[in-house]
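**Student:** Below are the structure tokens for one structure; questions will follow.
The values are calculated or read from the model by the stated rules, or taken from the named source; none is laboratory data. Every value quoted in this text rests on a predicted model; they were computed, and no experiment measured them. Cβ atoms come from the backbone with ideal geometry, glycine included; neighbour counts cover every protein chain shown. Quick note on the areas: whole protein, heavy atoms, side chains included, nothing else; ligands and nucleic acids left out. Shrake-Rupley method; radii C 1.70, N 1.55, O 1.52, S 1.80 Å.
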Amino acid sequence: MVPTREALVAAFAEAGHELWLAGGLVRDAFRDAPPEERPAAAKPDADYATSALPDECERIARELGTTVTTIGQRFGTTGVLLDEGWAEITTFRGDSYTAGSRWPDVTFGSSIDEDLARRDFTVNAMARHTVTGELRDPFGGRDDIERGLLRAPGDPNTRFAEDPLRILRGVRFVSQLGFAIEPETQAAMAASAELLGTLSQERVTAEIERLLLGEHPEAGLEALREIGGVPHVLPELAAMPGCEQNRFHRFDVWGHTTATVQAIATDRESRSLRRWAALLHDLGKPPVRHVKKNGEWGFYRHEIVGAEMAEALTERLLLGKREGGLLALLVRRHMDRPDPDDGRLVRRFMRRLDGHWRDLLALKRADNASHTYDDNEYHDRLEAACERVEAEEAAMLRAESPLDGRELMALLGREPGPWIARIKERLSTLVLDGELAPGDKEEAARIARRMGGTAALLAENEEGS
Ligand code: ATP
Ligand code: MG
């Protein structure tokens, strides 16, 4: 059976060790955070601080008979599975070197206050004793929660220079908590911004992802820009600030981008995909910007250039092939504007999006939110048209060739070759366009025979929008 938190607390007390609840759970207990603020996927781990050394933590945890992970032990952390989720138990941090330690990068401390002094922000530098309930708050974290302020405990310059990840954690907390960064802390973040380049890509990407998932991503991204972090962690976006647009826009490309990210609803499953898509959708604008005949800025083909840039960026950020491909597709298609009354165009639009038309619509609506014109009516009509196609024309939308390769070979008496794919492609497009009934083998055979001649196949190049 998986042990309870009470069992864990009792085991540490029995062994004579202090065990304190720390981190996000202590902080969030003093905020009235709406439950939906957290992405469902990221149920927070409970963070504990203890006087016990890592080996001892592991021994106690194993005696509880539960799953224990030691991958974080180099940093003094043992993971313990409880009935309520994972507990991360970390030995008090300190400046003093512990003799005989197997963990040369990390030094262990002797008190909770020493540990709290090494944490990133005052609002995170609070702890509650698991037995007595005593609260330790040596840096005024509660007051800062009250004021909505992120402040580094101790000397801010030292804090960020010794661990630049804290800079990204800071802008992530701006998005997650809606807090502002205290000016001295902000100046210290800016002073160490260059060190962001020394962090591993995995950690940087994870923090950007968390920033994007927060309630206030616009503020988080703006904080990242203000401290000069954009060129170090998202250099592909560095040309956006100051890239002025035309009269259809209220903001420069950067302001428009952050507003678009913000306009993506927080309550959806594909929040991560959509927010990334919003962040990247206008990547192509700065490189393609030109002056049009009427003297205004033009961004012709920015969605094409942007899709290529998005693909490269997602690869660099290690986002994964599937997500990278999808993001490039959403960027590529974000200017699509089919006539909702033309079923054929709507089906082609949906087909190109490979099941993700809802994500594209969400992106288009968010994109429109910071334009000077209101396109809601159009998007409502397009959405209704897509819903209708999905409900009534699912077979057409699937666009399956009524004849498969074997049937085509038998029908035309030909050897296998690239001609099969070409005929099938043609037949499936005819199905999609409503010119061939789904599954109508007879009519499909007639068309295939007509196409059978090589000349016709070579001429077959009329797909497109
Ligand atoms: P969340 O609610 O997102 O889990 P959290 O504050 O609990 O936020 P964690 O990453 O779980 O964040 O870290 C737990 C605690 O460990 C933090 O609250 C902070 O006190 C401390 N901490 C984590 N990373 C650092 C760091 N790089 N430097 C200093 N302290 C850190
Ligand atoms: Mg946590």
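**Student:** Given a 1.4 angstrom probe, I'd like the percentage of the accessible area of the chain that is carbon and sulfur, rounded to a whole number.
**Tutor:** About 49 percent, which is the carbon plus sulfur part of the accessible surface.
**Student:** Give me the net charge for the shell around Glu207: Cβ to Cβ below 11 angstrom, other residues only, Lys and Arg +1, Asp and Glu -1.
**Tutor:** With Lys, Arg at +1 and Asp, Glu at -1, the neighbours total +3.
**Student:** Continuing with the same structure: Can you tell me how the range 66-169 classifies by the Cα gyration tensor, rounded, prolate or oblate, using a/c under 1.5 as the rounded cut?
**Tutor:** In terms of gyration-tensor shape, oblate.
**Student:** Write out the chymotrypsin sites (Phe, Trp or Tyr not before Pro) in the range 186-294 meeting two conditions: DSSP loop, and at most 14 other Cβ atoms within 10 Å of their Cβ.
**Tutor:** Taking the range 186-294 and a limit of 14 other Cβ atoms within 10 Å, the loop chymotrypsin sites (Phe, Trp or Tyr not before Pro) found are Phe248.
**Student:** A further question on this structure: How big, in percent, is the set of alpha carbon pairs in the chain lying more than 39 Å apart?
**Tutor:** Result for the distance tail: 40 percent.
**Student:** What number results when the radius of gyration of the range 157-299, computed over Cα atoms, is divided by 2.2 N^0.38 Å?
**Tutor:** Cα Rg divided by the expected 2.2 N^0.38 Å: 1.09.
**Student:** While we're on this one: If you build the convex hull over the alpha carbons only and average its shadow over all orientations, what do you get for the range 344-388? Give it in nm² to one decimal.
**Tutor:** Across all orientations, the range 344-388 yields a mean hull projection of 3.1 nm².
**Student:** Right, something else. For every helix of n ≥ 4 consecutive DSSP H residues, a contribution of -39,500 (n - 2.57) applies; sum these over the chain, divide by its total residues, and give [θ] at 222 nm rounded to the nearest 500 deg cm²/dmol.
**Tutor:** Result for the chain: -14500 deg cm²/dmol, rounded to the nearest 500.
**Student:** To continue, here is another question. Per residue, what accessible area does the range 89-211 have, given a 1.4 Å probe and all protein chains present, in Å²?
**Tutor:** 43
**Student:** Counting only heavy atoms of the protein chains, get the accessible area per residue of the range 293-379 (1.4 Å probe) and round it to a whole Å² value.
**Tutor:** Normalised by residue count, the accessible surface of the range 293-379 is 50 Å².
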